[in-house]
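Undergrad: Starting off with a structure, shown below.
The values are calculated or read from the model by the stated rules, or taken from the named source; none is laboratory data. The structure presented is a predicted model; accordingly, all values stated were derived computationally and were not measured. Every residue, glycine among them, receives a Cβ derived from its backbone with ideal geometry; neighbour counts consider all protein chains shown.
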Amino acid sequence: MKTFAITDVGQKRSINQDSVYTSELPVGNLPNLFMVADGMGGHQAGDVASRSTIEQIVAHISSDPEHNPVKILRSAIEKANEKLLHMAQSDEGLLGMGTTLVAASIVDDCLYVANVGDSRLYLINNGITQVTKDHSLVEEMVRSGAIERSEARFHPKKNIITRAIGVKEQVMIDFFDEKLDPGDTVLLCSDGLTNMVDDEEIRILISQQTDVAGKAETLIDAANQNGGKDNITVVVIEPFSEEVKAC
């Protein structure tokens, strides 16, 4: 397995409210763990939300005796949600904070994914597939037929999310599992990438680079060249750089 993670403040923001975490080594009973969180809230609150969520999830997973990846991720995210709510209630400056999260773990050749909000996970090989589904107002409009998919990326309400960690007492989490094949590249990213670079361009840029660092850095550069209106975070994973066992 080869991985590379990078986060960038972008061209327009003064503070980076994205947080990223990667571990190719075991975290608790997960053999590896990858996360991208995109915080929201005034001043430093978004930064606090994303960073604290990742810290809380890592701490919980590290001591969780459970072995089922979905149960491990669910419990950790729920605990992080409780912690964020408590922090906001205890500090006026943190009121209204929250964060998206996309988290993944690769167990043998199976990819397990948890998602809250509009940070994304893609599988890229000959084509590109968005595994996660955005929890956003615009995505709901697309699904209902109110707007076309082609209109979504530039819609004025594209940044309104409908789910986040730290906003409500009960957090709704989507889970996905995918079988990985040789040649697959896994990409986790915040919307600072996907609002600036469309899916096909992401696929092309990934295919033009031979190493994980080059793939990640090229995506950051493209987002900044296209305006860099938000913080940009990407995690690139090549699961089959070494042999993996079957499920």
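Undergrad: Read through the list (1) at negative phi; (2) surrounded by 24 or more Cβ atoms within 10 Å (Cβ to Cβ), then give the number of the only condition that residue 117 fails.
TA: The number of the failed condition is (1).
Undergrad: From (1) part of a strand (DSSP E or B); (2) buried (at least 23 other Cβ atoms within 10 Å of the Cβ); (3) in contact with a Ser or Thr (Cβ under 6 Å, 6 or more places away or on another chain); (4) not polar (S, T, N, Q), pick out the condition that doesn't hold for residue 112.
TA: The failed condition is (2).
Undergrad: Now for a separate question. Please determine, by comparing only the residues of segment 79-97 that are of a type in the set (Asp, Glu) and farther than 22 Å from residue 117 by Cα, which one is modelled with the lowest pLDDT.
TA: The residue in question is 92.
Undergrad: Being modelled with pLDDT of 95 or more and among the basic types (Lys, Arg) is the filter; apply it to segment 196-241 and report the residue that is farthest from residue 34 (Cα to Cα).
TA: Only one residue fits best here, namely 203.
Undergrad: So residue 169 fits all but one of (1) more than 17 Å from the chain's Cα centre (by Cα); (2) within 22 Å of residue 8 (Cβ to Cβ); (3) of a type outside the set (Lys, Arg); what number is the exception?
TA: All conditions pass for residue 169, except number (2).
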